[in-house]
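Take a look at the structure below.
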Amino acid sequence: MQALIQPVTLLLIIAVGYMFKRFGLFGPRDYRVLQTAEFNLVLPGAIIYSFATQPHDIRLLWISLFGFIAAAVPPALIFLCTGRRPVAQRAFVMLNGAGFNVGCFCFPVLQAFFGPSALVPAAMFDVGNCIMVAAGTNVLTQTLLHIAPDMTLVEQHAGDASTLPYERPTDRDARRLARRTLLRRVARGFASSVSFDVYMVMIVLMLAGIRIPGVIAQIAQPVAAANSLCAMLMVGMLMDVPAGRADVHAVLEVLAWRLPCGILFAAAAWFLLPFDVAIRQAVALCCLAPIAVFSTMFTDKVLGNARLAGFSLALTAVVSLTLMTLARVTLLG
């Protein structure tokens, strides 16, 4: 029962953020202030604090590879299986049907369940996961669906087509220019993600055998401590209940993709990864995590409305907490 207090508190913080918005204490767009702080300061601080206070073995990079695969496979499958749907629906499911909320959700949950040592495999899983959730999924969605960056689908007059209009260049120089443009978009997407950049710096320091000074951990500690509050409050501020059947159907479709994929990858982590029980159970629970907070930001940029993404995140957080609790009881016998 003690281990459930902190995860349940996270859900209560989401509810508080939603109620504050409902009663006018937060404005409709105030979540963007917390969004900026979370992605550019708080979450990077939590990453630095984890690497500075816990030993990270180079062998755990296999977990990073596993995390990347678990986050990269579902959006590709969703793209292949939704070929006749309108582009807005495809983009919503691709952005929210994959990726894991590790730093903001799994870190506090795993720490409550197993103690601080569980943060090490969770952080290594999030290195690979972050490649997708911090930029990769958004770039993949925009590229496959031919969505122009920095414009919402409404501004691009998307309509009911399955992808936006696109003409493949026939001239060799034009194709070369298009490839360079795509590579620049990909590089810009990753470079603009502070969390991804921090993860890369931490990996380089780990490979070089350089220890992070204790003073850095002390500086990062109060920032990292705000991670759960800022992230969950932001989710509550984003959330709105579904407005009709179409919204309900969209949320259920996201769940229909996330649950089987998450359970499948959790089983793969438990049975296939060559690590001890403590590491495998932490990685397995990461595979049951809710929607990444980054998904709400990208949904807002692509669709111009993150309210349904916020509701989907909150709903998957409840489902994830239930699954994690059942998995913990099962794994610990």
**Q.** Filtered residue count, segment 1-17, keeping only those that are at pLDDT 85 or above and open to solvent by 60 Å² or more (accessible area, probe 1.4 Å)
**A.** 2
Q. Hey, does segment 179-200 have a residue that's free of Cβ contacts under 8 Å to residues at least 24 places away in the same chain, under 26 Å from residue 269 (Cβ atoms) and not aromatic (Phe, Trp, Tyr)?
A. yes
Q) Would you call residue 136 out of contact with any strand residue (DSSP E or B) (no Cβ under 6 Å at 6 or more places or on another chain), small (Gly, Ala, Ser) and part of a loop (DSSP other than H, G, I, E, B)? A) no
Q: Please indicate, with yes or no, whether at least one residue in segment 264-281 is within 14 Å of the chain's Cα centre (by Cα) and either more than 27 Å from residue 156 (Cβ to Cβ) or of a type outside the set (Phe, Trp, Tyr) (or both).
A: no
Q: Identify, from the list 148, 134, 187, 112, the residue that is modelled with pLDDT under 85 and open to solvent by 40 Å² or more (accessible area, probe 1.4 Å).
A: 187
Q) What number of residues within segment 152-178 satisfy the criterion of being more than 25 Å from residue 80 (Cβ to Cβ) and either without any contact (Cβ under 8 Å) to a residue 12 or more places away in the chain or loosely packed, with under 11 Cβ neighbours inside 10 Å (or both)? A) 9
Q. Going by the structure shown, is residue 90 of a type in the set (D, E, K, R), open to solvent by less than 30 Å² (accessible area, probe 1.4 Å) and outside any loop (DSSP other than H, G, I, E, B)?
A. yes
(Q) Out of everything in segment 20-77 that is of a type in the set (Phe, Trp, Tyr) and part of a helix (DSSP H, G or I), what residue ends up being farthest from the chain's Cα centre (by Cα)? (A) 20
Q. From the list 238, 264, 272, 285, which residue is more than 20 Å from residue 90 (Cα to Cα), open to solvent by less than 10 Å² (accessible area, probe 1.4 Å), of a type outside the set (Asp, Glu) and modelled with pLDDT of 90 or more?
A. 285
(Q) Residues that are open to solvent by 10 Å² or more (accessible area, probe 1.4 Å) and free of Cβ contacts under 8 Å to residues at least 12 places away in the same chain: does segment 317-328 have at least one? (A) yes
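The values are calculated or read from the model by the stated rules, or taken from the named source; none is laboratory data. Here the structure is a predicted model, which is why all the values come from computation and not from measurement. Cβ atoms come from the backbone with ideal geometry, glycine included; neighbour counts cover every protein chain shown. For accessibility, only protein heavy atoms count, side chains too; no ligands or nucleic acids. Shrake-Rupley method; radii C 1.70, N 1.55, O 1.52, S 1.80 Å.
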